[in-house]
Amino acid sequence: GSVVTVVDISPAMLEQDHAVALARGLKLETLAASMDDLSALGEGIFDVVVQPVSTCYVPDIRKVYREVARVLKPGGMYMSKHKQPVSMQATLKPTPYGYVVQEEYYRQGPLPESAPSLHREAGTLEFVHRWGDMLGGLCRAGFSIEDIMEPRYTEKDAVHGSFAHRSAFIPPYIEIKARRLANELVSGPKIWTPLGG
């Protein structure tokens, strides 16, 4: 019974969405756009935004948050799933020392291309987003974080080097439930003094 709009940068993906919706008797609207530029959508028109793992494909997660905040109604819910920073930085296969962090946390630009893996997407540009941008950026965009979950992908006796084995050492994802604050709460005074600063 919901009115659903699907946004994807890939017209081919949107065609697949239409085909599945048609097969299931669902109605949806589609928009070919980047998640960090939703200017084709009006302000405050959605009650809920659900975003699967995808922010790793944009250089600046804060732009995505600002766009989602703009299109959500005050009080609207934002459910999003992201790749954890350390999961993006660490080796995909274990070394004699375990899974090793090999990419800089404060790196600029995309990560080097990856081999095919359940943890990384081969043939794509992926970016490490720091916790300050992932969580703080969400708050600064006008959201209140209501819950944070780390889905568990481990399995007892997982094969050494498998997705489930690595996930026991480095959780791959984080899910965030956030609510769009009322406009008057967002535009209030913003005072922040870092510790020791």
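The values are calculated or read from the model by the stated rules, or taken from the named source; none is laboratory data. A quick note: this is a predicted structure, and the numbers were derived from the prediction, not measured. In this analysis, Cβ positions are derived from the backbone assuming ideal geometry, glycine residues included, and neighbour counts consider all displayed protein chains. Protein only, heavy atoms only, side chains kept; ligands, DNA and RNA dropped before computing areas. Shrake-Rupley method; radii C 1.70, N 1.55, O 1.52, S 1.80 Å.
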Worksheet item: Within the group Arg166, Arg107, which residue is among the charged types (D, E, K, R), farther than 30 Å from Gly76 by Cβ and touching a Pro at 6+ places or on another chain (Cβ under 8 Å)?
Response: Arg166
Fill in: Of all residues in region 11-42 being open to solvent by 40 Å² or more (accessible area, probe 1.4 Å) and among the polar types (S, T, N, Q), the one that is farthest from Arg180 (Cα to Cα)
Gln16
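So, Lys83, is that one touching a Cys at 6+ places or on another chain (Cβ under 8 Å) and either surrounded by 19 or more Cβ atoms within 10 Å (Cβ to Cβ) or at pLDDT 95 or above (or both) or not?
Details: touching a Cys at 6+ places or on another chain (Cβ under 8 Å): yes; either surrounded by 19 or more Cβ atoms within 10 Å (Cβ to Cβ) or at pLDDT 95 or above (or both): yes.
So Lys83 fits the description; yes.
What tally of residues in region 112-144 results from selecting those that are buried (at least 16 other Cβ atoms within 10 Å of the Cβ) and closer than 16 Å to His82 by Cα? I'd like the intermediate steps shown before the answer.
Just the residues of region 112-144 that are buried (at least 16 other Cβ atoms within 10 Å of the Cβ), to begin with: 119-121, 126-129, 133-135, 137-138, 140-143.
Those still in the list that are closer than 16 Å to His82 by Cα too: 119-121, 126-129, 133-135, 137-138.
The qualifying residues number 12.
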Worksheet item: Does Asp147 fit the bill of being exposed (fewer than 12 other Cβ atoms within 10 Å of the Cβ) and at negative phi?
Response: yes
Worksheet entry | Given (1) out of contact with any helix residue (DSSP H, G or I) (no Cβ under 6 Å at 6 or more places or on another chain); (2) at pLDDT 95 or above; (3) surrounded by 13 or more Cβ atoms within 10 Å (Cβ to Cβ), number of the condition Val186 does not satisfy | (2)
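Restricting the search to region 52-63, which residues are charged (D, E, K, R) and either more than 20 Å from Lys83 (Cα to Cα) or in a helix (DSSP H, G or I) (or both)? Reasoning before the result, please.
So in region 52-63, the residues charged (D, E, K, R) come out as 60, 62-63.
Residues satisfying the conditions are Arg62, Lys63.
Could you please find all residues in region 1-14 being closer than 15 Å to Ala33 by Cβ and either of a type in the set (Phe, Trp, Tyr) or free of Cβ contacts under 8 Å to residues at least 40 places away in the same chain (or both)?
The first filter runs over region 1-14 and keeps only residues closer than 15 Å to Ala33 by Cβ, leaving 5-14.
Across region 1-14, the qualifying residues are Val6, Val7, Asp8, Ile9, Ser10, Pro11, Ala12, Met13, Leu14.
So that you can scan it fast, the table gives a plain yes or no per residue for (1) open to solvent by 80 Å² or more (accessible area, probe 1.4 Å); (2) modelled with pLDDT under 95:
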{"position": "Ser2", "(1), (2)": "yes, yes"}
{"position": "Val6", "(1), (2)": "no, no"}
{"position": "Gly44", "(1), (2)": "no, no"}
{"position": "Val49", "(1), (2)": "no, no"}
{"position": "Pro52", "(1), (2)": "yes, no"}
{"position": "Lys63", "(1), (2)": "yes, no"}
{"position": "Arg66", "(1), (2)": "yes, no"}
{"position": "Val71", "(1), (2)": "no, no"}
Worksheet item: Is there a residue being out of contact with any Pro (no Cβ under 8 Å at 6 or more places or on another chain), assigned to a loop (DSSP other than H, G, I, E, B) and either of a type in the set (A, V, I, L, M, F, W, C) or over 19 Å from Glu175 (Cα atoms) (or both) anywhere in region 64-86?
Response: no
